[in-house]
Amino acid sequence: IIDKYISLTNNNDFKNRLIKLANKISFLIFLSDIKLINKLLGRDVKSFFKLFKLLKNL
């Protein structure tokens, strides 16, 4: 989806900014992987961290 957005809008800097943001919150992503903490998170927060895990692995 991100690559399609970039190709349609010619916004090549967008992907780099998302990767930088994912790197900045990597500690929070790490904490969200702990089962005890993950149980306390809401569904929307879990989806947020799942998105940033994918972005970090691009």
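Just to be sure, is ILE6 of a type in the set (Val, Ile, Thr), surrounded by 10 or more Cβ atoms within 10 Å (Cβ to Cβ) and over 15 Å from the mean Cα position of the chain (by Cα)?
Yes: the conditions hold for ILE6.
Taking ASN23, is it in contact with a helix residue (DSSP H, G or I) (Cβ under 9 Å, 6 or more places away or on another chain), outside any helix (DSSP H, G or I) and surrounded by 11 or more Cβ atoms within 10 Å (Cβ to Cβ)?
Values: in contact with a helix residue (DSSP H, G or I) (Cβ under 9 Å, 6 or more places away or on another chain): yes; outside any helix (DSSP H, G or I): no; surrounded by 11 or more Cβ atoms within 10 Å (Cβ to Cβ): yes.
It is false that ASN23 is in contact with a helix residue (DSSP H, G or I) (Cβ under 9 Å, 6 or more places away or on another chain), outside any helix (DSSP H, G or I) and surrounded by 11 or more Cβ atoms within 10 Å (Cβ to Cβ).
LYS35 satisfies every condition listed in (1) modelled with pLDDT of 85 or more; (2) under 13 Å from LYS53 (Cβ atoms) except (2).
Out of ASN38, ASN11, one residue alone is among the polar types (S, T, N, Q) and in a loop (DSSP other than H, G, I, E, B). It is ASN11.
Among the residues of the stretch 26-57, those that are surrounded by 10 or more Cβ atoms within 10 Å (Cβ to Cβ) and within 10 Å of the chain's Cα centre (by Cα) comprise SER26, ILE29, SER47, PHE48, PHE49, LYS50, LEU51, PHE52, LYS53, LEU54, LEU55, LYS56.
Take the stretch 4-19 and flag every residue that is more than 13 Å from LEU54 (Cα to Cα) and not aromatic (Phe, Trp, Tyr). Lay out the reasoning, then the answer.
Taking the stretch 4-19 first, the residues more than 13 Å from LEU54 (Cα to Cα) are 4-14, 16-17.
Hits for the stretch 4-19 are LYS4, ILE6, SER7, LEU8, THR9, ASN10, ASN11, ASN12, ASP13, ASN16, ARG17.
The values are calculated or read from the model by the stated rules, or taken from the named source; none is laboratory data. Note that the structure is predicted; figures quoted are calculated from it, not measured. Positions of Cβ are generated from backbone atoms using ideal geometry, with glycine treated the same way; all protein chains shown enter the neighbour counts.
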